[in-house]
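The values are calculated or read from the model by the stated rules, or taken from the named source; none is laboratory data. This structure is a prediction, so every number in the text was calculated from the model and none was measured. Neighbour counts run over all protein chains shown; Cβ positions are idealised from the backbone, glycine included.
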Amino acid sequence: MFSPMRAPVTGALAPALAAAALSSAAAGVGAPAIRAAEVNPTSAQITRAVHDASRSHTLWATINTCDPGHDHAVGVRGQMPALPFPSHLAMRVSLLEWSPTRHRYVRLAQNYRLGGGVFSGAAVVQDGVRLTWSGPATVRARITFRWFRDGRLLGSTSRLTAAGHRDAHGTPPGTSLAACTIRP
């Protein structure tokens, strides 16, 4: 079993950079300004933007904390790019636990909602959750990334946690794993 503790987003510069990109774009400085056509994008522009964001190297999920020792903590973190026009970004974390009897990962009932906020342009948003476990387990997660505009879902995609994302603000720094094994 596990207990959720929402992780403070410490050291995560992405939201601050996103806000700076938005204010720069609005002021016409630095990042390119949002063109009038992109404020009310066509269906084709929306489809293309979601397609590009879904395949971006800036879209990922990882285990950024794996402490099988004292506090049995597991941290799950995701990152997603904004679309070229204002949209609401959201992430949903589904935890998966290895089942030795089924020889596969099975989804646990609990989901965690992350992210939120309206971003556009070159913004990239990170968020995460930290969980503590009371028993032995091997866990990973699937993060579903969703883009909304005016309350309407524009598109979504998902990623399983994977290793190699060094900018995931891990504990210790540099931690980025596909799965985490907690032992009693």
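Here is how the numbers come out for the structure above:
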{"read-out": "Count - residues of the range 109-131 that are over 17 Å from Asp150 (Cα atoms) and part of a strand (DSSP E or B)", "value": "14"}
{"read-out": "Subset of the range 150-184 [farther than 29 Å from His103 by Cβ and modelled with pLDDT of 95 or more]", "value": "Arg152, Leu153, Leu154, Gly155"}
{"read-out": "Yes/no for Arg159 being under 18 Å from Leu59 (Cβ atoms), of a type in the set (Lys, Arg) and either loosely packed, with under 15 Cβ neighbours inside 10 Å or touching a strand residue (DSSP E or B) at 6+ places or on another chain (Cβ under 7 Å) (or both)", "value": "yes"}
{"read-out": "Residue identified as within 30 Å of Ser43 (Cα to Cα) and of a type in the set (Val, Ile, Thr) among Val124, Val106, Val76, Val139", "value": "Val124"}
{"read-out": "Evaluation of Val93 against (1) assigned to a strand (DSSP E or B); (2) over 17 Å from Trp60 (Cβ atoms); (3) among the hydrophobic types (A, V, I, L, M, F, W, C); (4) modelled with pLDDT of 90 or more (one fails), failing number", "value": "(2)"}
{"read-out": "Residue satisfying all of: in the range 96-112; surrounded by 13 or more Cβ atoms within 10 Å (Cβ to Cβ) and either under 18 Å from Leu59 (Cα atoms) or among the hydroxyl-bearing types (Ser, Thr, Tyr) (or both); modelled with the highest pLDDT among these", "value": "Tyr105"}
{"read-out": "Meets criteria (without any contact (Cβ under 8 Å) to a residue 60 or more places away in the chain, of a type in the set (Gly, Ala, Ser), exposed (fewer than 15 other Cβ atoms within 10 Å of the Cβ) and within 23 Å of His51 (Cβ to Cβ)) for Gly151", "value": "yes"}
{"read-out": "Counted residues, the range 51-97 - those being among the hydrophobic types (A, V, I, L, M, F, W, C) and more than 25 Å from Val139 (Cβ to Cβ)", "value": "4"}
{"read-out": "Members of the range 56-76 found to be under 14 Å from the mean Cα position of the chain (by Cα) and assigned to a loop (DSSP other than H, G, I, E, B), listed by number", "value": "Ser56, His57, Thr58, Leu59"}
{"read-out": "Looking only at the range 115-148, and only at residues there that are under 15 Å from Ser87 (Cα atoms) and free of Cβ contacts under 8 Å to residues at least 60 places away in the same chain, the one that is nearest to the chain's Cα centre (by Cα)", "value": "Gly115"}
{"read-out": "Residue count, the range 61-89 (criterion: surrounded by fewer than 21 Cβ atoms within 10 Å (Cβ to Cβ) and in contact with a Phe, Trp or Tyr (Cβ under 7 Å, 6 or more places away or on another chain))", "value": "1"}
{"read-out": "The range 37-55, residues that are within 25 Å of Leu160 (Cα to Cα) and in a helix (DSSP H, G or I)", "value": "Ile46, Thr47, Arg48, Ala49, Val50, His51, Asp52, Ala53, Ser54"}
